[in-house]
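Q: For reference, the structure I am asking about is given below.
The values are calculated or read from the model by the stated rules, or taken from the named source; none is laboratory data. Fair warning: this is a prediction, and the values are worked out from it, not measured in the lab. Here the Cβ is made from the backbone with ideal geometry for all residues, glycine too, and neighbour counts use every protein chain on show. For accessibility, only protein heavy atoms count, side chains too; no ligands or nucleic acids. Shrake-Rupley method; radii C 1.70, N 1.55, O 1.52, S 1.80 Å.
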Amino acid sequence: MEVIICENSKKAARLTAKMIANAINEKPNLVLGLATGATMEPVYAELVQMNCSGKVDFKDVTTFNLDEYVGLGPNNKNSYRYYMDSNLFDKINIKKENTHLPNGLALDYNEEADKYEFMINNAGGIDLQLLGIGNDGHIGFNEPMSSFASKTRVKVLTPETYEQNCIYFNPPESMPKLAFTMGVGTILNSKQIVMLITGKKKANIATQAIEGPLTSMVTGSAIQLHQNVTVILDEDAASNLKMKDYYNFAFKNNPKWQRYQ
Ligand code: PGA
């Protein structure tokens, strides 16, 4: 695992966007795994800018999002399809038919989940998966005790996740209690993972995921099992990390990061 600590959240988002753009420039038909949430908004704003100024081309890119609320369709402002369209897909030159999220309106959950796994495999697997982390340590909506071998399925959200996300719903109680999510195993199957964590509120969970024991109580800790992970944090989110000095030293001295200095 490589850990990169940026001065502030804007720089962390910019670095994340640059890594995604470079991956697309190296492989124009990249299969990109995407995440939603407040942390990712500045990343998508950067990618829109880069696309507008000709620095990255999404023409041949395929995307798969981590998750979607059960019961919410694409026109619902709280659906992740709506979030992705409005923050990214409608503003870049991606082909809409190449963008995928689980169908929140599917009635047969198992069939929808299996179909999503099939589509990911059929696309050749995910080349680069972008991840955030929830206050309860989840990646996607893999709530505590999700198996590290899990595949796409429906999960019941924890009260902590409910509290974190119900502020976006009007009324807050209308937030669904179920969501489709890629499994931890699905995420670990991707070829590369880039996780972005920003803000003081995430300092504790960031430390548990990066430096804590491997445990399904913090599904974010599963990234320790993956051979190609970069975690990008701002100073606030990195404030509790024990090995901070080493991460900074490694970032400065590893030639592979020179293009990002
Ligand atoms: P956030 O969500 O970016 O809104 O904090 C992250 C997550 O819950 O995975």
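Q: With K77, K10, K59 as the choices, which residue is open to solvent by 30 Å² or more (accessible area, probe 1.4 Å), among the basic types (K, R), at pLDDT 95 or above and more than 16 Å from the ligand (Cβ to nearest atom)?
A: It is K59.
Q: For residues that are open to solvent by 60 Å² or more (accessible area, probe 1.4 Å) and of a type in the set (A, V, I, L, M), scanning just the range 144-156, find the one that is farthest from M1 (Cα to Cα).
A: Out of the qualifying residues, it is V156.
Q: Here's something else I'd like to know. Is at least one residue of the range 111-118 touching a residue at least 12 places away in the same chain (Cβ under 8 Å), open to solvent by 10 Å² or more (accessible area, probe 1.4 Å) and not charged (D, E, K, R)? Outline the logic, then answer.
A: Going through the range 111-118, the residues touching a residue at least 12 places away in the same chain (Cβ under 8 Å) turn out to be 112-114, 116-117.
When the remaining residues are screened for being open to solvent by 10 Å² or more (accessible area, probe 1.4 Å), the result is 112, 114, 117.
From what's left, not charged (D, E, K, R): none.
No, because not a single residue in the range 111-118 is touching a residue at least 12 places away in the same chain (Cβ under 8 Å), open to solvent by 10 Å² or more (accessible area, probe 1.4 Å) and not charged (D, E, K, R).
Q: Could you please find all residues in the range 157-202 being open to solvent by 20 Å² or more (accessible area, probe 1.4 Å) and in contact with a Gly (Cβ under 8 Å, 6 or more places away or on another chain)?
A: E160, Q164, L178, N189, K191
Q: Criterion first (open to solvent by 10 Å² or more (accessible area, probe 1.4 Å), under 18 Å from the mean Cα position of the chain (by Cα), of a type in the set (S, T, N, Q) and within 30 Å of T207 (Cα to Cα)) does N87 satisfy it?
A: Here the answer is yes, as N87 does meet what is asked.
Q: Here is a follow-up. In the range 25-84, what residues are touching a residue at least 40 places away in the same chain (Cβ under 8 Å) and at positive phi?
A: Residues satisfying the conditions are G37, G71.
Q: Are any residues in the range 226-261 exposed (fewer than 12 other Cβ atoms within 10 Å of the Cβ) and either among the hydrophobic types (A, V, I, L, M, F, W, C) or in contact with a Gly (Cβ under 9 Å, 6 or more places away or on another chain) (or both), and if so, which ones?
A: F249
Q: Something else: Just to be sure I understand, how many residues within the range 206-228 are closer than 17 Å to L241 by Cα, of a type in the set (A, V, I, L, M, F, W, C) and touching a helix residue (DSSP H, G or I) at 6+ places or on another chain (Cβ under 7 Å)?
A: 4
Q: Could we say that T36 is in a loop (DSSP other than H, G, I, E, B), of a type in the set (S, T, N, Q), closer than 24 Å to L101 by Cβ and within 16 Å of the chain's Cα centre (by Cα) here?
A: yes
Q: Still on this structure: Consider only pairs whose beta carbons are under 9 Å apart and that are at least six residues apart or on different chains; among these, list those whose first residue lies in the range 162-176 and is within 13 Å of the ligand (Cβ to nearest atom) and whose second residue is among the charged types (D, E, K, R) and assigned to a helix (DSSP H, G or I).
A: Sorted first by the residue in the range 162-176, then by its partner, the pairs are C166/E173.
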